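J.: This is the structure I have questions about; it appears just below.
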Amino acid sequence: KAKSAGRSTFRFFTEAMDQEMQARRSMEIDLQRALVLEQFSLAYQPQYQIDGKRLVGFEALLRWSTPARGPVSPAQFIPLAEDIGMIGSLGEWVLRKACKDAAQWPEPISVSVNLSPLQFKNQKLIDVIVSALASAGLPPHRLDIEITEGALMDDTDATVAILKQIKALGIKVSMDDFGTGYSSLSYLQKFPFDKIKIDQSFIRSLETNPDSAAIVRAVTALGESLGMMTIAEGVETESQLRQITHDGCKQVQGYLTGRPVPQHEATLLVEQMN
Ligand code: C2E
Ligand code: MG
Ligand code: MG
Ligand code: MG
């Protein structure tokens with residue numbers, strides 16, 4: 001009896017796995033033709049200087065939607081795109097589109113673009129970035145590259161060398177999701193980031209965990225002494241905004257101050273500025 005129960009549990013398990021693999025395979029197939037079918041778009045989330053409530057720029061966030069699936073979360077499809085070797089072409093599409101859109105906005109509004117760690121393995125990354133800026137006519141100081149710890153984790157020296165080239169071009173570099181990895185601190189020493197993005201997990205727990213406020217304060221002070229701007233991600237409430245302001249944070253990006261919106265709405269926000 002125990003044996004047969006075990007066997008049916010096992011069969012249930014393998015069937016579930018088969019289904020998962022099929023679902024994954026089917027999404028890969030859809031993803032592979034999504035560029036040609038023009039199913040990708042960018043959403044732009046505003047970033048503000050807290051002091052004076054000044055709009056400073058937008059983060060470009062990739063969106064994928066198909067008639068059959070509707071919108072698919074980037075948390076779901078970006079790892080897939082990395083696995084099937086399409087993050088290079090997809091990342092290039094994002095860079096070109098973001099630079100082109102940002103060129104329509106006035107100085108000094110910037111655009112932040114997320115780069116996958118895998119894009120740093122591509123020898124042509126610098127060429128792609130330079131070409132994206134040139135064909136859009138966007139000045140380099142208005143582009144901001146966001147990387148997570150993952151990009152620095154293996155091959156740190158090679159990645160740092162590329163980041164230095166990017167910075168030498170006048171492009172800004174931000175450390176995304178700061179504080180979520182194993183050695184965020186040590187990376188701050190390896191490269192002079194322009195901006196530290198304090199991860200949403202610390203902001204979300206501000207009201208419930210007093211340690212979070214201490215962390216926001218410490219990161220902000222650290223950033224300040226290293227000459228790095230700090231921005232809080234995922235601020236959803238007035239109380240969180242008050243708290244991060246009190247803790248010294250200079251910039252904010254979150255649902256409270258603005259959700260990610262299509263390009264034409266971002267342009268409206270820019271026009272309302274003055
Ligand atoms: P991220 O770069 O840390 O982007 C911030 C994420 O937090 C976005 O999710 C944004 O919509 C969400 N967010 C912003 N404010 C709030 C808030 O107040 N509350 C909550 N709950 N969420 C907020 P999204 O657009 O789903 O993107 C998820 C992740 O996917 C990004 O995290 C980034 O790692 C990745 N991603 C997005 N676009 C790209 C891209 O073009 N290339 C690469 N390589 N990765 C991308
Ligand atoms: Mg980001
Ligand atoms: Mg982030
Ligand atoms: Mg993230």
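Every number here is computed from the coordinates shown, using simple stated rules; none is lab data. Here the structure is a predicted model, which means the values were calculated and not measured. We place every Cβ from the backbone using ideal geometry, glycine too, and count neighbours over all the protein chains shown.
J.: Select from Pro117, Pro67, Pro79 the residue whose mean-square fluctuation is largest in a Gaussian network model of the chain (Cα-Cα springs shorter than 10 Å).
T.: Ranking Pro117, Pro67, Pro79 by mean-square fluctuation puts Pro67 first.
J.: Rounded to the nearest 5, what % of the DSSP beta bridges within the range 1-129 are antiparallel ones?
T.: 75 percent
J.: Related question: Report, by chain and number, residues whose modeled amide H sits under 5 Å from the one on Phe193, excluding near sequence neighbours (fewer than 5 apart, same chain).
T.: none
J.: Structure shown: which of Lys172/Lys197; Lys100/Lys164; Lys121/Lys195 lie over 20 Å apart, alpha-carbon to alpha-carbon?
T.: Those over the limit are Lys100/Lys164; Lys121/Lys195.
J.: Quick one: which residues, 5+ away or cross-chain, put their amide H under 5 Å from the amide H of Thr66? H built at 1.01 Å from N.
T.: When sequence neighbours closer than 5 places are left aside, the close amide H contacts are Val72.
J.: Contact order normalised by length for the chain, with contacts defined as Cα pairs under 8 Å and 6 or more residues apart; what percent is it?
T.: On the way: 406 pairs, mean separation 47.6, N = 274.
It rounds to 17 percent for the chain.
J.: Counting other Cβ atoms within 10 Å, keep those with at most 14, restrict to DSSP loop, and tell me which GluC sites (Glu not before Pro) in the range 181-240 are left.
T.: Within the range 181-240, the qualifying GluC sites (Glu not before Pro) (loop, at most 14 other Cβ atoms within 10 Å) are Glu207, Glu236.
J.: Measure out, as a whole number of angstrom, how far apart the alpha-carbon centroids of the range 48-101 and the range 191-219 sit.
T.: Going from one Cα centre to the other spans 23 Å.
J.: Hey, how many Å between the Cα centroid of the range 153-175 and the Cα centroid of the range 235-268?
T.: Cα centres, the range 153-175 to the range 235-268: 27 Å.
J.: Cα convex hull of the chain: mean projected area in nm², to one decimal?
T.: Convex hull of Cα atoms, orientation-averaged projection: 18.1 nm².
J.: Another one. What are the residues whose amide H is under 5 Å from the amide H of Val261, where those residues sit 5 or more places off or on another chain and H is modelled from the backbone?
T.: Here the answer is Tyr44, Gln45, since their amide H atoms fall under 5 Å of that of Val261.
J.: Mean-square fluctuation check for the chain, GNM, Cα pairs under 10 Å: which of Val111, Val252, Val261 is largest?
T.: Val261
J.: Mind checking the range 127-195 for chymotrypsin sites (Phe, Trp or Tyr not before Pro) that DSSP puts in a loop (not H, G, I, E or B) and that have at most 12 other Cβ atoms within 10 Å?
T.: Here the sparse-neighbourhood loop sites are Tyr182.
J.: From the Cα gyration tensor of the range 131-274, with a ≥ b ≥ c the square roots of its eigenvalues, which class applies: rounded if a/c is under 1.5, or else prolate if a/b is larger than b/c, or else oblate?
T.: oblate
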